[in-house]
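S.K.: Handing you a structure now.
The values are calculated or read from the model by the stated rules, or taken from the named source; none is laboratory data. Since the model is a prediction, treat every value here as computed from it, not as a measurement. All Cβ positions, even for glycine, are placed from backbone atoms using ideal geometry, and neighbour counts span all protein chains on display.
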Amino acid sequence: MDETRNPWITKQTSVAYENPWIRVEHHDVVNPAGGDGIYGLVRYKNHAIGIVPIDAAGYTYLVGQYRYALDAYSWEIPEGGCPAGEDTLATAKRELKEETGLVAEEWQQIIEFHLSNSVSDEWGVAYVARGLHQQEAEPEDTEQLKLRRLPLSEAIDMTLDGRITDAVSVLALQRVRLMGLDKGKLPD
């Protein structure tokens, strides 16, 4: 099997729906086995950005909000969308300040990821932020946020026991654990 050759053939693509954040496409295809088929694809207009802020005492900050799509309340790391052409670190800095009021002196990219790659092209990146200073939060009109400061180890445990289910948060917090940053290890 040639890993560089796309076994799918696209016969026709149409846009089923579009808004400022996503475009939903319908594809008429020939599948890898040679049969006719369809494929639905969600194209994201922003990159996913997540931030794990870690203060000098080993605490982190989670943001709680009601998620319309899930019809449920969700605890997550600070996160947001990076518009096309914008630097992901610049977006991370803006999102951290916007959602928590925190400003960080030190930044480290810890992971890149694709979310739901069977139906979307969403790509993201997560950072650790240190050297934190508190300022005023500036949430968007669509955000009704609650900020929670807790030990980093507890936030990581929340990804294991199901209290945190957001994929960006789970990936980033587990990456922090794998890197040993929850044990006070300094970033490389």
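S.K.: Output the number of residues of segment 108-124 satisfying the condition of being more than 9 Å from ALA172 (Cα to Cα) and β-branched (Val, Ile, Thr).
M.R.: Number satisfying all stated conditions: 1.
S.K.: Could you tell me whether any residue of segment 86-94 is out of contact with any Phe, Trp or Tyr (no Cβ under 7 Å at 6 or more places or on another chain), at pLDDT 95 or above and closer than 22 Å to ARG148 by Cβ?
M.R.: Yes, segment 86-94 contains at least one residue that is out of contact with any Phe, Trp or Tyr (no Cβ under 7 Å at 6 or more places or on another chain), at pLDDT 95 or above and closer than 22 Å to ARG148 by Cβ.
S.K.: Now, a different point. Filter segment 55-85 down to residues that are out of contact with any helix residue (DSSP H, G or I) (no Cβ under 9 Å at 6 or more places or on another chain) and small (Gly, Ala, Ser) and give me whichever is modelled with the lowest pLDDT.
M.R.: Per the stated criteria, the residue is ALA84.
Yes/no per residue for (1) more than 20 Å from ALA137 (Cβ to Cβ); (2) in the same structural domain as THR142 (by TED's automatic domain parsing); (3) of a type outside the set (Phe, Trp, Tyr):
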site: VAL24; (1), (2), (3): yes, no, yes
site: VAL29; (1), (2), (3): yes, no, yes
site: PRO53; (1), (2), (3): no, yes, yes
site: ASP71; (1), (2), (3): yes, yes, yes
site: PRO83; (1), (2), (3): yes, yes, yes
site: ASP87; (1), (2), (3): yes, yes, yes
site: THR91; (1), (2), (3): no, yes, yes
site: GLU105; (1), (2), (3): no, yes, yes
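S.K.: Specify which of the listed residues (ARG23, ARG94, ARG43) is touching a residue at least 12 places away in the same chain (Cβ under 8 Å) and touching an Asp or Glu at 6+ places or on another chain (Cβ under 6 Å).
M.R.: ARG43
S.K.: So which residues in segment 144-181 are of a type in the set (D, E, K, R), part of a helix (DSSP H, G or I) and touching a residue at least 60 places away in the same chain (Cβ under 8 Å)?
M.R.: Result: ARG175, single match.
S.K.: A follow-up question, please. Which condition does SER120 not pass, out of (1) closer than 24 Å to VAL42 by Cβ; (2) among the small types (Gly, Ala, Ser); (3) without any contact (Cβ under 8 Å) to a residue 60 or more places away in the chain, if it passes all the others?
M.R.: The one condition SER120 does not meet is (3).
S.K.: For segment 101-112, enumerate the residues that are among the hydrophobic types (A, V, I, L, M, F, W, C) and in contact with a Lys or Arg (Cβ under 9 Å, 6 or more places away or on another chain).
M.R.: Those that are among the hydrophobic types (A, V, I, L, M, F, W, C) and in contact with a Lys or Arg (Cβ under 9 Å, 6 or more places away or on another chain): VAL103, ALA104, TRP107, ILE110, ILE111.
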